[in-house]
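Data block below; observations after.
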Amino acid sequence: MRITAEGLTWSVAGTPVVRGVGVDVAPGETVGLLGPNGSGKSSLLRCLAGLRTPDAGTVRYDGVSVRGWSPRRIARTVAYVEQDAGTDSDLRVADVVGLGRTPFRDRWRGPDAADRAAVAAALEHVGLTAHARRPWRALSGGERQRAHIARALAQQPQALLLDEPTNHLDIKHRLALMELLSGTGRTVLVALHDLSLAARYCDRLLLLHHGRLIAAGPPADVLTAARLAEVFEVDAELATDAWGHPCVGYRGPLGAPAAAPRTTL
């Protein structure tokens, strides 16, 4: 599914947070949404997911405007994973993941075989099958985040919109999650703080600064030394690691004194 937006603007108390942003994410593409805190990433994702009504501009799924769509219709099309999603602590993990099936069930109907199969597949994808019957409150922060991603996968959406999904995850599960997202075959738009993960796993990057889209394209075109200095205030550049993967190398924050040479005793 293609997600497009033109001229999106959204404000809080008269202060623009998203300023005239245009987005075009092609079917099956994994696109990283980058920018420092306060740049408008979360607000833009919420507009694209139908959770915010923009002051101006249009959001389209496969060329069809979503203005006026019901939350249920949107939830049958895209799944949104927020940074810190609260959930009733009395639920089991499988119950939390099963919430992703809500848009497909009648109000009074319980889960059927298709729902249970979708939940089982989602738990397996994120490596939580063994935790299906555990109480939610017994999970670590990283496990809870993986469960919320499983809930989104259980929706069987055409597109995934994720806001900092690697927060709370250790290195192994960060890599595993990005492998999973980039290999789903779905349209994926994911906000990230880890620029090296974004450079390695995303087909294209969108870079926000003060609510405006200032760059879009392949990682090598977006993550230049000049842009990293302008937007993130760091002395850095796109490099290649020992395995040939693109990554961001940092000298340090702009204006920091040069580190003193180490002395070997």
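The values are calculated or read from the model by the stated rules, or taken from the named source; none is laboratory data. Here the structure is a predicted model, which means the values were calculated and not measured. All Cβ positions, even for glycine, are placed from backbone atoms using ideal geometry, and neighbour counts span all protein chains on display. For the accessible areas, the whole protein counts, side chains as well, though only heavy atoms, and no ligand, DNA or RNA atoms are used. Shrake-Rupley method; radii C 1.70, N 1.55, O 1.52, S 1.80 Å.
Does Leu254 fit the bill of being open to solvent by less than 50 Å² (accessible area, probe 1.4 Å) and either in contact with a helix residue (DSSP H, G or I) (Cβ under 9 Å, 6 or more places away or on another chain) or aromatic (Phe, Trp, Tyr) (or both)?
So Leu254 does not fit the description; no.
Is it fair to say Ala176 is aliphatic (A, V, I, L, M), open to solvent by less than 10 Å² (accessible area, probe 1.4 Å) and under 23 Å from Ala79 (Cα atoms)?
So Ala176 does not fit the description; no.
Would you please list the contacts, defined by Cβ atoms under 6 Å and residues six or more apart or on different chains, that run from a residue in segment 200-217 that is charged (D, E, K, R) to a residue that is open to solvent by 60 Å² or more (accessible area, probe 1.4 Å) and in a strand (DSSP E or B)?
Taking only residues 6 or more apart or on different chains, the pairs are Arg212/Arg19.
Could you tell me whether segment 34-49 includes any residue that is more than 16 Å from the chain's Cα centre (by Cα) and hydroxyl-bearing (Ser, Thr, Tyr)?
No, there is no match, as no residue in segment 34-49 is more than 16 Å from the chain's Cα centre (by Cα) and hydroxyl-bearing (Ser, Thr, Tyr).
Residues are listed down the side, and each one gets a yes or a no for (1) assigned to a loop (DSSP other than H, G, I, E, B); (2) over 19 Å from Thr4 (Cα atoms); (3) touching an Asp or Glu at 6+ places or on another chain (Cβ under 9 Å):
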| site | (1), (2), (3) |
| --- | --- |
| Leu205 | no, no, yes |
| Ile214 | no, no, yes |
| Ala229 | no, yes, yes |
| Asp235 | no, yes, no |
| Leu238 | no, yes, no |
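Within segment 1-34, can you find the residues that are open to solvent by 30 Å² or more (accessible area, probe 1.4 Å), small (Gly, Ala, Ser) and under 11 Å from Gly57 (Cα atoms)?
If the condition is that a residue be open to solvent by 30 Å² or more (accessible area, probe 1.4 Å), small (Gly, Ala, Ser) and under 11 Å from Gly57 (Cα atoms), then Gly7, Gly20, Gly22 are the ones that fit.
Working carefully through the options Ala26, Ala49, Ala13, Ala75, find the one that is aliphatic (A, V, I, L, M) and over 20 Å from Leu181 (Cα atoms).
Within the list Ala26, Ala49, Ala13, Ala75, the selection yields Ala13.
This table checks each residue for (1) more than 14 Å from the chain's Cα centre (by Cα); (2) part of a helix (DSSP H, G or I); (3) among the basic types (Lys, Arg); (4) modelled with pLDDT under 90.
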| site | (1), (2), (3), (4) |
| --- | --- |
| Gln145 | no, yes, no, yes |
| Gln156 | yes, no, no, no |
| His193 | no, no, no, no |
| Ser196 | yes, yes, no, no |
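So which residues in segment 136-168 are among the small types (Gly, Ala, Ser) and buried (at least 18 other Cβ atoms within 10 Å of the Cβ), if there are any at all?
To start, the set of residues in segment 136-168 that are among the small types (Gly, Ala, Ser) comprises 138, 140-142, 147, 150, 152, 154, 159.
Result: Ala147, Ala150, Ala152, Ala154, Ala159.
Would you pick out the residues in segment 1-37 that are in contact (Cβ under 8 Å) with a residue 60 or more places away in the chain and in a loop (DSSP other than H, G, I, E, B)?
Passing the criteria: Met1, Arg2, Ala26, Pro27, Gly28, Glu29, Gly35, Pro36.
Sort out which residues of segment 217-239 are surrounded by fewer than 18 Cβ atoms within 10 Å (Cβ to Cβ) and under 19 Å from the mean Cα position of the chain (by Cα), and write them in order of number.
Gly217, Pro218
Which one of these is under 21 Å from Gly28 (Cα atoms) and in a strand (DSSP E or B): Leu189, Leu180? Steps first, please.
Numbers: Leu180 fails: in a strand (DSSP E or B).
Testing whether each residue is under 21 Å from Gly28 (Cα atoms) and in a strand (DSSP E or B) leaves just Leu189.
Based on this model, can you work out whether Arg67 counts as open to solvent by 50 Å² or more (accessible area, probe 1.4 Å), within 26 Å of Val21 (Cβ to Cβ) and in contact with a strand residue (DSSP E or B) (Cβ under 6 Å, 6 or more places away or on another chain)?
No: the conditions fail for Arg67.
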